[in-house]
Structures are given as structure tokens and as C-alpha cells.
Amino acid sequence: MKKVAFITGGSRGIGRAIAVRLAAEGYAVGIDYLNSQQQAEALVKELRLQGTDALAVQGDVADREAITAAIHLVEASLGPVSVLVNNAGIAEQNQFQDISDAFWHRLFAVNVDGAFHTIQAVLPRMLREKSGSIINISSIWGLRGASCEAAYSATKAALIGLTRSLAQELAPSNIRVNCIAPGVILTDMVRVLGEETLSLLAEQTPMGRLGTPEDIARLAAFLAGDGASFITGQVMTADGGFIV
């Protein structure tokens, strides 16, 4: 059966690295983006030149109708989604007393509701096939919490709870649900912290460096594949020992 992966937030950073890695593993790849059309289309062109079936689709994961339509476009072009990677996410540092209702609800709409929407969109076919792998990208801050990131940490903790509960519900249908909790990864979201802060974070990481998107992509590819066929409901950190 053809392997088809759908990656939200797949045009940049961790999502892009996962798309590249899964393409190398033989998956057709659907790449969801919100604003980064140029990057998404450039990635699709690169993957097609390498012989991969790939399609870029625009869809705000917070908008159920938009992201469901995007998934249906991918399935019509590439086939049923067998691997879903919920990577799309937003973050911003704020002191808790300064968090507005709009900011709080937008973070939950993207980071949590987005996964809710995409999973419900791909699940009917996975249930019919009695096969599938769902990978939610959380964060070490969802496990431990972080000062001035209460809203972000709360959303990432919610993804962990969703993963563990849904894994139990879907296991009888041979659908696996796992979660990756990255540490500090060199992406655009992290680079805004500045070189001084990044150097300090690297020093605080036992392995002495920050992670790369490719570090997370390798773990995602493992969880997607047959080598992880007896693994479900797990939260795997990839953080260089940051929260050991």
C-alpha cells in the first residue's frame, strides 16, 4: 500500500525536515502551510526532482473547514494519509498577567485544536484500513513547564494528554499515536531569542549543543515506520539531556 504522510507546518523548520526525511523513506508527502507559500512550493519542487510525489496545500489548522479541505486535496492527489504529523505551532514569551484572552485562545486554537481537527479528518480512513501512525509534536516545556511560557506550555501539555488517551482508544484498530517532545531546536522560532541566550541554552544542555530539525525528523521517521510497530502512547524527548 502506498505510504502517504501529511505534515502540518511542513514548509519550514522541524516540519520541513520531517517532510524531507519521510520522502527519503519512500513516503508521498503532503505539506501544509499557512503563510509560507514560497517555501512550501520550493520544497515540493525539490522533492519532486528527487522522485517523490509531493503536494503543498494551504490550510490554517485552527480552521476546521480549511484544514479538512487541505487534507482532502492531498488524499485525492496522493492517496489516503497513513502518517499524520501534527507539527504546526506558535509560541511567544509573555508574563502570565500580560496574556490576553485573544493570545491564549489563539495558541490553543493552533497548537491543540489544530491537532484535534487534523486527527478527526484522517481518522475515518485509518479506521477503515485498521492502520496508521499519528505523531504529535509537543515540547519539553509541556513536560516541565517554562517561565514566561505558561500558555505555550499548557498547549504542549494538552498534546501529551491527547496522545496518551487517544493511543489507548485507537490501539485495537492498529493505529499508533505517539508524541515527540523536542528540546531547544535551532529553528526560526528559537533564533529570535538571540545569540547570547542560545549560547546559554547550549551550555545548559548536557550534550553541549542545541538540537537541529534533522534530529527531530529522524525520530519522527522512526515512529512512523514499521520499526515502531509496537510503540504507542509514548512521549519521546529529544533534548540532548536538557530535562534529565
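The values are calculated or read from the model by the stated rules, or taken from the named source; none is laboratory data. Here the structure is a predicted model, which means the values were calculated and not measured. Glycine also receives a Cβ, built like all others from the backbone with ideal geometry; neighbour counts cover every protein chain displayed. All accessible areas refer to the heavy atoms of the entire protein, side chains included, with ligands and DNA or RNA removed. Shrake-Rupley method; radii C 1.70, N 1.55, O 1.52, S 1.80 Å.
Side notes on the structure shown:
- Residue order for M189, M1 - accessible surface, 1.4 angstrom probe, largest first: M1, M189
- Between the beta carbons of L200 and K130, assuming R0 = 35 Å, the FRET efficiency works out to 0.15 to the nearest 0.05.
- Across every direction, the projection of the convex hull enclosing the Cα atoms of the range 128-210 has a mean area of 6.8 nm².
- Look at where the Cα atoms of the range 111-176 and of the range 40-85 average out, and the two centres are 19 Å apart.
- Computed Rg/Rh of the range 90-132, alpha carbon atoms with Kirkwood Rh: 1.26
- Approximate shape of the range 164-203 as ellipsoid semi-axes (Cα gyration tensor, √5λ), whole Å, largest first: 37, 9, 6
- Of K3/K45; K3/K130; K3/K156; K45/K130, pairs whose Cα-Cα distance is over 25 Å: K3/K156; K45/K130
- Computed over Cα pairs, the Kirkwood radius of the range 82-195 leads via Stokes-Einstein (1.567 mPa s, 4 °C) to a diffusion coefficient of 87 µm² per second.
- Exposure check, 1.4 Å probe, all protein chains in place: R64 carries approximately 90 Å² of accessible surface.
- Here the 3J(HN,Hα) profile of the range 203-217, calculated from phi with Karplus coefficients 6.51, -1.76 and 1.60 at θ = phi - 60°, is 5, 7, 8, x, 7, x, 8, 8, x, 10, x, 5, 4, 6, 4 Hz, Gly and Pro shown as x.
- In this structure the amide hydrogen of F242, modeled in the peptide plane, comes within under 5 Å of no amide hydrogen from residues 5 or more places off or on another chain.
- Using only alpha-carbon positions in the range 1-124, the gyration tensor eigenvalues give semi-axes of 27, 16, 11 Å once each is multiplied by 5 and square-rooted (largest first).
- Ranked order, K45, K2, K156 - accessible area, probe 1.4 Å, largest first: K45, K2, K156
- The chain - Rg (one decimal) and Dmax (whole number), Cα, Å: 17.0, 51
- The phi-based Karplus calculation (6.51 cos²θ - 1.76 cosθ + 1.60; θ = phi - 60°) puts the 3J(HN,Hα) values of the range 29-37 at 10, x, 10, 8, 9, 10, 10, 8, 4 Hz, whole numbers, x for Gly and Pro.
- Near V57, the amide H atoms lying under 5 Å from its own belong to I31, D32, Y33; only residues 5 or more places off or on other chains count, and H is placed 1.01 Å from N.
- Sequence-ordered 3J(HN,Hα) estimates for the range 5-18 from the Karplus curve with 6.51, -1.76 and 1.60 and θ = phi - 60° stand at 10, 10, 10, 7, x, x, 8, 9, x, 4, x, 4, 4, 5 Hz, glycine and proline given as x.
- Accessible area in the full protein assembly, largest first, 1.4 Å probe, for M207, M236: M207, M236
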